[in-house]
1. How about segment 23-44: which of its residues are under 12 Å from L115 (Cα atoms) and either surrounded by 16 or more Cβ atoms within 10 Å (Cβ to Cβ) or in contact with a Leu (Cβ under 6 Å, 6 or more places away or on another chain) (or both)?
2. Within segment 59-87, can you find the residues that are open to solvent by less than 40 Å² (accessible area, probe 1.4 Å) and out of contact with any helix residue (DSSP H, G or I) (no Cβ under 8 Å at 6 or more places or on another chain)?
3. Which of the residues spanning segment 88-124 are open to solvent by 60 Å² or more (accessible area, probe 1.4 Å), modelled with pLDDT under 90 and not hydrophobic (A, V, I, L, M, F, W, C)?
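The values are calculated or read from the model by the stated rules, or taken from the named source; none is laboratory data. In this text, all values refer to a predicted model and were calculated from it rather than measured experimentally. Here the Cβ positions follow ideal geometry from the backbone for every residue, glycine too, while neighbour counts run over all protein chains shown. Keep in mind that these areas ignore ligands, DNA and RNA; they rest on the heavy atoms of the full protein, side chains included. Shrake-Rupley method; radii C 1.70, N 1.55, O 1.52, S 1.80 Å.
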Amino acid sequence: MRCIFVHPFRATVSKDVTTTLQEVFRTDKGAVYQCDTSNRLVLEFWDTHTYLSARDFAQFRRMVQTVDLRQMALSTAAADDVEILTLPRSERCYVLTLCEVVHLRELLAGARLMLELNSMLRECGCSMTNYV
């Protein structure tokens, strides 16, 4: 089940904007980019692009981490078949199955790890471009 509710006036990422985006982390289900011009992170999931501030990204990641996967897996109640997650300061929400929550969790955790690694490297006077 793929379902996403989007406000009709949402901002979309045009094809030429991708030149300002740096990929932070990618899985086969999505990617997280860092946009230097807007100083935001861009979550690409289900072929949609959502701009998030660093604070909103962290808040959404914590929200995804708090989903009780065990309850979703073991429950026979229809209410536990999906999890509805709303993005901070957005009218967008994701309606996710158990597998989709796991995929989103993997994507957000990997992006967080790469952001922390990049931050540590910058503190040491290095950058990721030296190692790529």
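1. Filtering segment 23-44 for residues under 12 Å from L115 (Cα atoms) gives 23-25, 32-34, 41.
V24, F25, V32, Y33, Q34, L41, listed by residue number.
2. Selection gives S75, V82.
3. Passing the criteria: R89, E91, R122, E123.
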